[in-house]
1. Within segment 1-95, considering only helices (runs of 4 or more DSSP H) that don't extend past its boundaries, which have at least 1 residues that are of a type in the set (Asp, Glu) and either modelled with pLDDT under 80 or on the phi > 0 side of the Ramachandran plot (or both)?
2. Scan segment 142-157 and tell me whether some residue there is at pLDDT below 85 and not acidic (Asp, Glu).
3. Does Ala110 satisfy being at pLDDT 80 or above and buried (at least 18 other Cβ atoms within 10 Å of the Cβ)?
4. Of the conditions (1) in a helix (DSSP H, G or I); (2) at pLDDT below 80; (3) more than 19 Å from Val191 (Cβ to Cβ), Ala115 fails just one. Which one is it?
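The values are calculated or read from the model by the stated rules, or taken from the named source; none is laboratory data. Source: prediction; values computed, not measured. Reconstructed Cβ throughout: ideal geometry from the backbone, glycine too, with neighbour counts over all protein chains shown.
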Amino acid sequence: MHAALTGLCTGLSLIVAIGAQNAYVLRLGLGGERVGIAVGICALGDLVLISVGIAGIGRLVGLAPWLLEVLRWGGVAYLVLFALGSLRRALHPGALEVTSAPGQSARVIATTTVAMTVLNPHVYLDTVVLLGSIANQFGSQRWWFGLGAATASVGWFVGLGFGARLAAPLVRRPSTWRVIDVVVGLTMVAVAVNVATSPL
């Protein structure tokens, strides 16, 4: 349960950060335009990458046990830097600029979403490397961590896409993103402490 909850919190903290992928899903949601396609691709992409990260890094660690220690402190450093970036953004928040874009075909939406997913280097760092390395800190419970992270991804994209119209007044307020960035930053600090102090 602890592993799954940590995975959920870590996954949400990474996914909620403002980015092109989130902005695109939100824009489709605001326009009520085939948002299910984008939501499905984003969620499936994360599920695959999280699984690859957990399984792949687990295999590497089996071959080189010292790698787990390297991944642990690399992950801690990344989490701290991520937290500092979120807290810095909270000092100067901006509204997320989104506009509806009617008329896109299902093929264009699917192609655009796939491109935003696989061509973003941060998605590999976040899901494959970071989530994979943190998950392997939990040993036999690593797949519970993965389940938590996957649940965060699916829940976030479903909520973002299909709840966009309800959230429209909020996402245009800088104060909303200030709160989000502070919560994300503090969560990442907590996860970094947990990773640093957990026994291997």
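1. Working: elements: 2-15, 20-31, 35-63, 66-91.
Where helices (runs of 4 or more DSSP H) fall fully within segment 1-95 and carry at least 1 residues being of a type in the set (Asp, Glu) and either modelled with pLDDT under 80 or on the phi > 0 side of the Ramachandran plot (or both), they are 66-91.
2. no
3. Numbers: at pLDDT 80 or above: yes; buried (at least 18 other Cβ atoms within 10 Å of the Cβ): no.
Here the answer is no, as Ala110 does not meet what is asked.
4. Answer for Ala115: the failing condition is (2).
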